[in-house]
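See below for the structure under consideration.
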């Protein structure tokens, strides 16, 4: 998931959909801590909590929290500035990312390798 979020973030930056006012690391575009830790770890936590719940419901909850709580907080803290982007656009992307992550995490092939 970290690779996918890093790729999508790079695409958004290249198309000028958003910017990051501060570079965390010189010579590296994007906001690596967000892409490599916060999103994947929060997604893993959401997958593990209440495993009996529907993945679609959990994806919806995750998307609401990430799009309409997390992104506005990042904007308020001046970590992220949307240019041609709206949090509403992120909502279905977060649902799809969650469902994909959940499918990979729950797959028998993935689990058989690590058990």
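Taken over segment 77-86, the criterion of being farther than 15 Å from residue 39 by Cα and either free of Cβ contacts under 8 Å to residues at least 24 places away in the same chain or touching a helix residue (DSSP H, G or I) at 6+ places or on another chain (Cβ under 6 Å) (or both) is satisfied by 77, 86. Checking each residue in segment 21-54 for being in contact with a helix residue (DSSP H, G or I) (Cβ under 6 Å, 6 or more places away or on another chain), within 17 Å of residue 71 (Cβ to Cβ) and modelled with pLDDT of 85 or more picks out 39, 40, 43, 46.
Given the structure, is residue 62 touching a strand residue (DSSP E or B) at 6+ places or on another chain (Cβ under 9 Å) and surrounded by 17 or more Cβ atoms within 10 Å (Cβ to Cβ)? Reasoning before the result, please.
Working: touching a strand residue (DSSP E or B) at 6+ places or on another chain (Cβ under 9 Å): no; surrounded by 17 or more Cβ atoms within 10 Å (Cβ to Cβ): yes.
Taking the combined requirement at face value, the residue does not satisfy it.
Screening the candidates 92, 82, 21 for the property of being in contact with a strand residue (DSSP E or B) (Cβ under 7 Å, 6 or more places away or on another chain) and surrounded by fewer than 13 Cβ atoms within 10 Å (Cβ to Cβ) yields one hit, 21.
Just the residues that are surrounded by 15 or more Cβ atoms within 10 Å (Cβ to Cβ) and in a helix (DSSP H, G or I), please, taken from segment 24-41. Please lay out each step first, then the result.
Let us first name the residues in segment 24-41 that are surrounded by 15 or more Cβ atoms within 10 Å (Cβ to Cβ), namely 30-32, 34-36, 38-40.
Hits for segment 24-41 are 32, 34, 35, 36, 38, 39, 40.
The values are calculated or read from the model by the stated rules, or taken from the named source; none is laboratory data. All values derive from a computational prediction rather than experimental measurement. When we count neighbours, we look across all protein chains shown, and the Cβ atoms used for this are built from the backbone with ideal geometry, even at glycine.
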